[in-house]
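Shown next, in structure tokens, is the structure this report addresses.
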Amino acid sequence: MPDSRQILALPVVLLLLVGAILPLTILVVISFWSVDFDAFELVPGFGLASWREILGNPTYPYLIGKAVLTGGVTTSLTALAGYPLALSLLRLPKRWKSVALVVLLTPLYTGEIVRIYAWRLVLGTDGLVNSLLMGLHLVDAPLKFLLFSPFTTALALFYDELPFMTLALWIALERLDMRLVEAARDLGARPLPAFIRVTLPLTSTGLCAGALAVFALSAGDMQTPNFLGGPSGATALASIDNFFGTAFDWPTASALALTLLLTLIVAAALLAAGILRLGGRPARVAR
Amino acid sequence: MSRRSLAVLTAAVAFLYLPIAILAVFSFNASRLMAFPLSGFTLDWYRSLAGNTNFQNGFVTSFLVAQPVGILGAGLGLTAAMALIAAGRRLRIMLTALLLVPFLVPKTVLSIAQTMVLSRLGLGRGAATLILAQVIVVIPFTTAIIASVLIRLDPRLAEAARDLGASPWICFRRITFPQIKPAVMAAYSMGVILSLADLTIGLYLAGRTQPLSLIVASQFRRELSPDLNAMQVAVLVLTALIVVLTEVYQRRRDARRRGRAPVRQATGETLERPA
């Protein structure tokens, strides 16, 4: 007999079907429609014009590739910084751990716009970093690349997603039997090989969860590049927004959104599969 | 605690709190220009904030939107988590996949698609659509928080209550809910905080409702005024207060539970004394 509590899934399933699946289905339908720009009306039908526009124009594959690259770079950077940070958090005395959790998560609670705004104060021409560098006579003129450049976007995204990655790695490390790492060290493995052969494979599920979250959040972020990237801040998402709002070209907006979505899902799946394969290594060593 | 760990933690805290510290510093700086060197101490920006009805209305709106998002997010997360625990393999995979959708789809894409649906159906946008759209994005988080606690509960407690004649509702209210209340509270604060922090969904689905993040974003495009700093610091202090109060509440609760629950299982888990 099926558990009667399963019925509790109903409200959430209904909400997500109406609020998420239906809209995504509508995107598919509208992507085949066309627009009558004289009457400013959508014309239902089946045409491939918007798909041809998206796949034929090299701008859009470029922007979609950029989204994947942004996600990949942010994921790698947060993983590189997240492991040392999570390993340090692991070594905290127990009663400090819940405090550390609050300290780690509080920056997440600042709104996206607040963080963006604060970076302008840190990295601007008269900002903290430039004033310090000038004050110490390390540079003669303010460094321009600090704000409104790909560097700014990368730094801000790294900042935004680091807590997510760290949290995922920290939880995975708490479950890892540290005696295995000690054993590897006792048997003469240097710290880095011990990390790569023991710690990394045994925390690969945590890394996978963190990587998926960071990838989805950073590749799907439009505001950070938009407000901080300057001329480099063009994103596929901003183009979608442009087609949808300013240009009233909903079919093209839909086709671009779907292409981006499919690419991101495939990239995320490859990323997850690649990370989970790391977990296979210790078994082979054991044999 | 090795010296290296300490150095890593110090660097991380400095990095994560640098932008926030800068905001706070400039909110007390006696100059309209937000630039170094600093000009002196002032409370003018907090005073001008007190007279800025635009910001105040925005804050009240944000708060009024965040409450239903927190409550609905926690409630629906609770039902979804209970279903997830009870579900068979097929339903569990389906439900998990469905819950991943609002998490993995970029907020911009989801909001635009929702706007298209509303517009085709001839429905307007406003507080209700904003709240529902935020609830949809919050549900994966609240479900994960509550499910992670539910899955560790001892099922024998609920079974014992049922065997002794408790109805499903009484069993939930007297046995299950008391054990997961902290997680439900955490889910609620998660919902409130994600709602307060949101800008993207508001840009598309808020209609004429103007939460604070939208007002700040529109100012942001024109000119940066220092009372914006004061505002941000005030909002930060308030959100931090929510976090700290929730944490204190949970700790007190845990302490109280430890103090009055003499029954211990072989596994060492603390049991709730039947009321």
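May I ask you to derive the relative contact order of region A:58-286, considering only C-alpha pairs under 8 Å and at least 6 residues apart, and to give it as an integer percent?
29
When ranked by the protection proxy of mean other Cβ atoms within 10 Å per residue, highest first, what sequence do the peptides A:231-237, A:89-95 form?
Output ranking for A:231-237, A:89-95: A:231-237, A:89-95.
Residues with amide H under 5 Å of A:VAL35's amide H, sequence separation 5 or more or different chain, H placed in the peptide plane at 1.01 Å from N; which?
Excluding prolines and chain starts, which carry no amide H, the hits are A:VAL43.
Let me have the relative contact order for chain B, percent, based on Cα pairs under 8 Å that are six or more residues apart.
So the answer I get is 29 percent.
For region B:43-242, take the convex hull of the Cα atoms, compute a quarter of its surface area, and give me that in nm², please.
Value for region B:43-242: 14.0 nm².
Expressed as cubic angstrom per residue, what is the convex hull volume of the alpha carbon set of chain A?
In chain A, the Cα convex hull volume per residue is 240 Å³.
Go through B:232-240, B:71-79 and give me the packing order, highest mean Cβ count within 10 Å leading.
B:71-79, B:232-240
Would you please put A:114-122, A:218-226, A:135-143 in order of how densely packed they are, using the mean number of other Cβ atoms within 10 angstrom per residue and starting with the highest?
Result, highest mean Cβ count within 10 Å first: A:218-226, A:114-122, A:135-143.
Quick one: P(r) of the protein assembly as shown from all Cα-Cα pairs, 10 Å bins, percents rounded to integers, in order of increasing distance.
Going out from 0 Å in 10 Å bins, the protein assembly as shown shows 3, 15, 25, 27, 19, 9, 2, 0, 0 percent.
Starting from the Cα of B:LYS181, draw a straight line to each of the lysines and keep only those under 25 Å, dropping any in the same chain fewer than 8 residues away.
A:LYS94, A:LYS97
In chain A, which whole DSSP H runs stretch at least 27 Å along their own axis (Cα) and average -0.5 or higher on the Kyte-Doolittle scale?
Span-like helices in chain A: A:59-90, A:150-175, A:250-278.
Could you give the spread of the C-alpha atoms of region A:104-217 along their three principal axes, from largest to smallest, in whole angstroms?
Its Cα atoms span 53, 33, 22 Å along the three principal axes.
Filter chain B for me: DSSP H helices, axial length by Cα at least 30 angstrom, mean Kyte-Doolittle hydropathy not below 0.5. List them by residue number.
B:3-27, B:53-86, B:127-150
Report which residues of region B:157-206 become buried by 10 Å² or more of accessible surface when going from the isolated chain to the complete set of protein chains (1.4 Å probe; DNA, RNA and ligands ignored).
The answer is B:MET190, B:ILE193, B:ALA197, B:LEU199, B:THR200, B:LEU203, B:TYR204 - residues whose exposure falls by at least 10 Å² when every protein chain is included.
So with the 1.4 Å probe, I'd like the accessible area per residue for chain B, rounded to whole Å².
Result: 50 Å² per residue.
Taking the Cα centroid of region A:145-188 and of region B:155-217, what is the distance between the two, rounded to the nearest whole Å?
Value for the Cα centre distance between the two parts: 29 Å.
Buried accessible area between A and B (1.4 Å probe, both chains summed, ligands and nucleic acids excluded), in Å² to the nearest 100?
The summed interface area works out to 6700 Å².
How many Å² of accessible area per residue for region A:58-286, probe 1.4 Å?
Ligands and nucleic acids excluded, the figure is 44 Å² per residue.
Roll a 1.4 angstrom probe over the protein heavy atoms and tell me the percent of accessible area of the protein assembly as shown that is carbon or sulfur.
67
Loop only per DSSP, at most 12 neighbouring Cβ atoms within 10 Å: give me the chymotrypsin sites (Phe, Trp or Tyr not before Pro) in region A:1-106, ordered by residue number.
Sites meeting the loop and neighbour criteria: A:PHE37, A:PHE40, A:PHE46.
Give the lysines whose C-alpha is closer than 30 Å to that of A:LYS66, dropping any in the same chain fewer than 8 places away, or say none.
A:LYS144, B:LYS107
The values are calculated or read from the model by the stated rules, or taken from the named source; none is laboratory data. In this text the structure is predicted, and so the values were computed from the model without any measurement. In this analysis, Cβ positions are derived from the backbone assuming ideal geometry, glycine residues included, and neighbour counts consider all displayed protein chains. To get the accessible areas, we keep the full protein, side chains included, count just its heavy atoms, and leave off ligands, DNA and RNA. Shrake-Rupley method; radii C 1.70, N 1.55, O 1.52, S 1.80 Å.
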